[in-house]
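Q: Pasting a structure here, questions to come.
The values are calculated or read from the model by the stated rules, or taken from the named source; none is laboratory data. This is a predicted model, so every value here is computed, not measured. Because the Cβ atoms are built from the backbone with ideal geometry, glycine has one as well, and the counts that use them run over all protein chains shown. Just the protein is used for accessible areas: all its heavy atoms, side chains included, with ligands, DNA and RNA removed. Shrake-Rupley method; radii C 1.70, N 1.55, O 1.52, S 1.80 Å.
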Amino acid sequence: MRLTNAYLENFVARIAGVNIPTNKRVEIALQYIHGIGPAAAKDITEKVGIEPARRVNQLTDAEVLSIRETIDKDHTVEGDLRRETSMNIKRLMDLACYRGLRHRKGLPVRGQRTHTNARTRKGPAKPIAGKKK
């Protein structure tokens, strides 16, 4: 089988269950993984010894494997991180502490005002019957 340029361009690196975009720089592409931000991406590239300016499609299989191993060893990402976050919220709700009650009611948790605004958490405005002024 002869590999064509179209095949090589469509090659996708898969790290932590996420398809990493191939034409982006390594440092930027790693941030597509939930739980890895700019600082963590820079840390990973330094540990593995890859210069951040290189593109993902220029990486060898060994380099992709070493990135994958570093992420598995040092970082909580994707499903595990989402599970941990949801368990933390569930724990707060079970405790019935103030933050847990706010989560349960679907209101802002971190002290924001709710008289006006807060539409992201509360959802679209509901009209109240007979409130015409």
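Q: Please give the length that would be gained between Val109 and Asp80 if that part of the chain were fully extended, namely 0.36 nm times their separation in residues minus their C-alpha to C-alpha distance (nm, one decimal). All intermediate terms of the calculation are to be shown ahead of the outcome.
A: On the way: separation 29, 0.36 × 29 = 10.44 nm, distance 2.30 nm.
Between Val109 and Asp80, full extension yields an extra 8.1 nm.
Q: Mean residue ellipticity at 222 nm from the helices of the chain, using -39,500 (n - 2.57) per DSSP H segment of n ≥ 4 over the full residue count, to the nearest 500 deg cm²/dmol?
A: Working: 7 runs with 65 residues, N = 133.
For the chain, the value works out to -14000 deg cm²/dmol.
Q: Which values of log₁₀ I(q)/I(0), to two decimal places, follow from the Debye formula for the chain at q = 0.16, 0.18 Å⁻¹ with a uniform point scatterer at every Cα?
A: Normalising to I(0) and taking log10 leaves -0.87, -0.97.
Q: Whenever you get a sec, compute what percent of the accessible area on the chain sits on carbon and sulfur atoms (1.4 Å probe). Don't skip to the answer; put the middle values down first.
A: Values: 5170 of 9950 Å².
Carbon and sulfur atoms account for 52 percent of the accessible area of the chain.
Q: Translational D (Stokes-Einstein, µm²/s) of the stretch 78-120 at 37 °C and 0.692 mPa s when Rh comes from the Kirkwood sum over C-alpha pairs?
A: Details: Rh = 11.3 Å.
For these conditions, the coefficient is 290 µm²/s.
Q: Please compute the modelled spin-label separation between Thr116 and Arg99, points set 7 Å along Cα→Cβ, answer in nm with one decimal.
A: Computed distance between label sites Arg99 and Thr116 equals 2.9 nm.
Q: Still on this structure, I have one more. Computed over the Cα atoms, what is the radius of gyration of the stretch 12-76 divided by 2.2 N^0.38 Å, N being its residue count? All intermediate terms of the calculation are to be shown ahead of the outcome.
A: On the way: Rg = 10.1 Å, N = 65, 2.2 N^0.38 = 10.7 Å.
Compared with the compact-globule rule of thumb, the stretch 12-76 sits at 0.94.
Q: How much area per residue is accessible in the stretch 78-120 when the probe is 1.4 Å and only protein heavy atoms are counted (Å²)? Mind showing how you got there, number by number?
A: Details: 3530 Å² over 43 residues.
So the stretch 78-120 comes to 82 Å² accessible per residue, rounded to a whole number.
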